[in-house]
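Structure first, commentary second.
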Amino acid sequence: MGATPEVTRLVRGLAWLAAVGASLGLLVGTLTFAADLPGYLSSNLLAPGKRRLLIGLIASGVGFGALFGLALAFRSYERLDRYAARLGPLVLAGFVPPLLTMNVWAGRELVLLTYLALFVLALAELSLRAASAPALSSRSLATTLFEALARRSWLAPALVGVGVVAFATWFSVFTIINHRALRTSGFDLGIEENLLWNAAHLELPLFRTTPLGGAKTHLGYHQTWISYLIAPFYRLWPRAEFLLLLQAIGTALGAVPLFLLARRRLGRWWGVALALLYLVYGPLHGSILYDFHYQPLGNVLILSTLYCLLERRLAGTIIFATLTLLLREDMSLLLGVFTTAMILMGERPVAGFVVGLICAIHFGVLKLTIMPRFLGGQSAYINQYQGLLPVGEQSFGGVIKTVLANPAFTLSTLLEREKLSYLLELLAPFALLPLRRPIGWLLVLPGFFFTLLATRYPALLMTSFQYTTYWTMFLFVGAIWALEAMPSERRAAWGLPLLVGGALVSLHFGAIVKNQDVRGAWDHHRLGLSDFERQRYAQVSSLAKQLPTSDSVVSSERLVPHVSNRRDSFTLRNGLQDATWLFTGNAAAPDERPLIDQALRSGQYGIVAREGEFFIAKKGADPTLNRAYLTEMGFGP
């Protein structure tokens, strides 16, 4: 192929620099009219004079960019080409202000995510183009700064350590405040704490948890054997806050093996970058804002197992693989995906095969054999995939049959607005980087099967639930492996798009910068307690202390986690359960109020203490106070 004609180089270079000028003009205009930006973005509202000025700034930018290009071309076409490529990312400058505007996207999240994803994808391509061009100067300030930092080997792990401590502290405080604002529930914080209390006191049956509905075992739903290892520590502080603290710290620690993996393969500063991006990753925040679950702890355990496997650390592999298998029944499947990837990549394939085989046996025995026996032969949560079940089948095997044998129908269930928004939020920070290497497609299979295939369960498609765990660790490891396969100059170009993408998604959907309207499950949470919430928590705590720990209690769903540290703690959503005590109040859910009305009006329970809207009533106690409470709180005549 011959050399590019000079006129082509001239027109191409001038076009790029004119586009850069236009974008900078748009940036200046939108910053000038910042107060008008919300209305302009949401309804295209801008005074005619301001609109003309905005167009004028864009046109002026085109002119200045073209003149600058002509001046460069006058000296040499090589200089024009170099500047056009190196300044190329500035083409996106004018598109930044809408991404930093926070109050115009409610109800338009898909628009925001599409805009953000396209921006990050374009930034990635422009950064790669810029990196392939010669530098504008022989030595830049950034290069000098990076070399100075590189000489301080202690700085990288110190930065990761600070990030881990900051994350753990922030989310410990956030989730405990959320709990004290009465935004946690019997399902699932009450279930998990009561299970842990019964495990700590060796109550039978195994995995006994009464908020689930009577003296039931959780074995048919989840196999969280690690709870018996945690139980002795729980006895030191037997409160729901213990679990929230454990979840925040455990999730934060996932950054450590991620840093070690990236440092080994990409260098320590890439390790720092990816570890910190993990900590600000918006979908990770959502996974720990809804009560307590064991999945987020899988990040640190599975990534630690993978690191030890790849680094030939036998003792570490045994310890972390064992903890992974004890964590939950599905964690073995997630670890098995990583070991399969190791085999396909030729990295310690024998070790990967051995661990993968153990994982397959573990998952098959627990999920497909033992667990259904506790549910009458049915698979737990199969209702979440009801739309993919063949007629007459009620097992995950039926879902797999549909996926493999009827891909066209399966595709029709995937092309939904909610699933597109969910995918964009997960992938936008990476600019699809993990999928740029074939092994990345294997790594997204857990997320695909556990979440995207859902047809009757919206929670699986919301980043405000724990299910993002099925994506997070795989996307970050996929990014490491994709960067590892690149030439060093192309790898360096990915720093900016990953930084920008991670920051933007965290800004809009994370819980660090935006901490006053953050989604956790179905609720909107905020950092801090109002005077009203502080007073309510004091009332609830005062009444909870009056309940004998040896007695059974049935409570409103939102109160269960405040009294689940006992043998029998029931939730009103399952009825009165013949409990000794009733603990509730006017803030009870609509489906709970008829039960409260019946219990008090019939005299079955008598109120013995009251704090504001809340009360405790004992079975068979004097019902004298009941009628006054029912009338005052609007339960009817």
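The values are calculated or read from the model by the stated rules, or taken from the named source; none is laboratory data. All values reported here derive from a predicted model rather than from experimental measurement. We place every Cβ from the backbone using ideal geometry, glycine too, and count neighbours over all the protein chains shown. Protein only, heavy atoms only, side chains kept; ligands, DNA and RNA dropped before computing areas. Shrake-Rupley method; radii C 1.70, N 1.55, O 1.52, S 1.80 Å.
On the basis of being over 30 Å from S506 (Cα atoms) and not in a helix (DSSP H, G or I), does L136 make the cut?
So L136 fits the description; yes.
Just a yes or no: is a residue in segment 360-377 open to solvent by less than 60 Å² (accessible area, probe 1.4 Å) and outside any helix (DSSP H, G or I)?
yes
Does I400 fit the bill of being surrounded by fewer than 19 Cβ atoms within 10 Å (Cβ to Cβ), within 28 Å of the chain's Cα centre (by Cα), of a type in the set (A, V, I, L, M) and over 23 Å from V444 (Cβ atoms)?
The answer is no for I400.
Checking G213 against (1) in contact with an Asp or Glu (Cβ under 9 Å, 6 or more places away or on another chain); (2) closer than 19 Å to S569 by Cβ, which test does it fail?
Unmet condition: (1).
Can you pull out the residues in segment 65-113 that are assigned to a helix (DSSP H, G or I), aliphatic (A, V, I, L, M), touching a residue at least 40 places away in the same chain (Cβ under 8 Å) and open to solvent by 40 Å² or more (accessible area, probe 1.4 Å)?
L70, L90, V96, L100, listed by residue number.
Pick from segment 417-447 the residues that are free of Cβ contacts under 8 Å to residues at least 40 places away in the same chain and within 20 Å of A117 (Cα to Cα): which of them is farthest from the chain's Cα centre (by Cα)?
W441
Looking only at helices (runs of 4 or more DSSP H) that lie completely in segment 530-637, which have at least 2 residues being open to solvent by 30 Å² or more (accessible area, probe 1.4 Å) and of a type in the set (D, E)?
Output list is empty.
Does L45 satisfy the criteria of being open to solvent by 20 Å² or more (accessible area, probe 1.4 Å), touching a helix residue (DSSP H, G or I) at 6+ places or on another chain (Cβ under 6 Å) and without any contact (Cβ under 8 Å) to a residue 12 or more places away in the chain?
yes
Taking the conditions exactly as written (part of a helix (DSSP H, G or I), at pLDDT 95 or above, more than 19 Å from F570 (Cβ to Cβ) and of a type in the set (D, E)), does E241 satisfy them or not?
yes
What pairs come up if the first residue lies in segment 604-615 and is farther than 9 Å from G585 by Cβ, the second is open to solvent by 10 Å² or more (accessible area, probe 1.4 Å), and their beta carbons are under 6 Å apart, counting only those six or more places apart or on different chains?
Y605/K619; G606/A621; G606/D622; G606/P623; I607/L625; V608/K618; V608/A621; A609/Q546
Among residues belonging to segment 504-542 that are aliphatic (A, V, I, L, M) and in contact with a helix residue (DSSP H, G or I) (Cβ under 7 Å, 6 or more places away or on another chain), point out the one that is farthest from A431 (Cα to Cα).
Among those residues, the one meeting the criterion is V540.
If you go through segment 1-47, how many residues are in a helix (DSSP H, G or I), within 43 Å of the chain's Cα centre (by Cα) and not β-branched (V, I, T)?
So the count comes out to 26.
Which of the residues belonging to segment 378-402 are over 15 Å from Y221 (Cβ atoms), in a helix (DSSP H, G or I) and aliphatic (A, V, I, L, M)?
L388, V399, I400
Could you go through segment 406-413 and let me know if any residue there is within 16 Å of L368 (Cα to Cα), touching a residue at least 40 places away in the same chain (Cβ under 8 Å), touching a Leu at 6+ places or on another chain (Cβ under 7 Å) and open to solvent by less than 70 Å² (accessible area, probe 1.4 Å).
No, because not a single residue in segment 406-413 is within 16 Å of L368 (Cα to Cα), touching a residue at least 40 places away in the same chain (Cβ under 8 Å), touching a Leu at 6+ places or on another chain (Cβ under 7 Å) and open to solvent by less than 70 Å² (accessible area, probe 1.4 Å).
Which one of L424, L420 is within 20 Å of R108 (Cα to Cα), open to solvent by 70 Å² or more (accessible area, probe 1.4 Å) and not in a loop (DSSP other than H, G, I, E, B)?
The match here is L420.
Of the conditions (1) open to solvent by less than 10 Å² (accessible area, probe 1.4 Å); (2) over 24 Å from A485 (Cα atoms); (3) in contact with a Ser or Thr (Cβ under 8 Å, 6 or more places away or on another chain), S464 fails just one. Which one is it?
(3)
Is it true that V560 is under 20 Å from A181 (Cβ atoms) and within 33 Å of the chain's Cα centre (by Cα)?
yes
For segment 203-235, give me the residue count where each residue is without any contact (Cβ under 8 Å) to a residue 40 or more places away in the chain and assigned to a loop (DSSP other than H, G, I, E, B).
Residues that pass the stated criteria total 8.
Would you check which residues across segment 179-209 are under 30 Å from R526 (Cα atoms), open to solvent by less than 10 Å² (accessible area, probe 1.4 Å) and not aliphatic (A, V, I, L, M) and list them?
Answer for segment 179-209, where residues must be under 30 Å from R526 (Cα atoms), open to solvent by less than 10 Å² (accessible area, probe 1.4 Å) and not aliphatic (A, V, I, L, M): H179, T184, G186, G190, E193, N194, T209.
Give me the pairs: first residue in segment 267-283 and closer than 22 Å to L113 by Cα, second residue part of a helix (DSSP H, G or I) and open to solvent by 40 Å² or more (accessible area, probe 1.4 Å), beta-carbon distance under 6 Å, and six or more apart or on different chains, which are they?
Matching pairs, first to second residue: G282/F509.
Could you check how many residues of segment 215-249 are within 30 Å of L310 (Cβ to Cβ) and open to solvent by less than 10 Å² (accessible area, probe 1.4 Å)?
Result for segment 215-249: 5.
Quick one: T580 ticks every box in (1) hydroxyl-bearing (S, T, Y); (2) closer than 29 Å to L236 by Cβ; (3) modelled with pLDDT under 95 except a single one, so which number is it?
Of (1) hydroxyl-bearing (S, T, Y); (2) closer than 29 Å to L236 by Cβ; (3) modelled with pLDDT under 95, only one is false for T580: (3).
For the structure I just gave you, tell me whether G163 is modelled with pLDDT of 95 or more, under 25 Å from G267 (Cα atoms) and in a helix (DSSP H, G or I).
Against the criterion (modelled with pLDDT of 95 or more, under 25 Å from G267 (Cα atoms) and in a helix (DSSP H, G or I)), G163 qualifies.
Quick check: is even one residue across segment 495-516 closer than 22 Å to L121 by Cβ and of a type in the set (S, T, N, Q)?
yes
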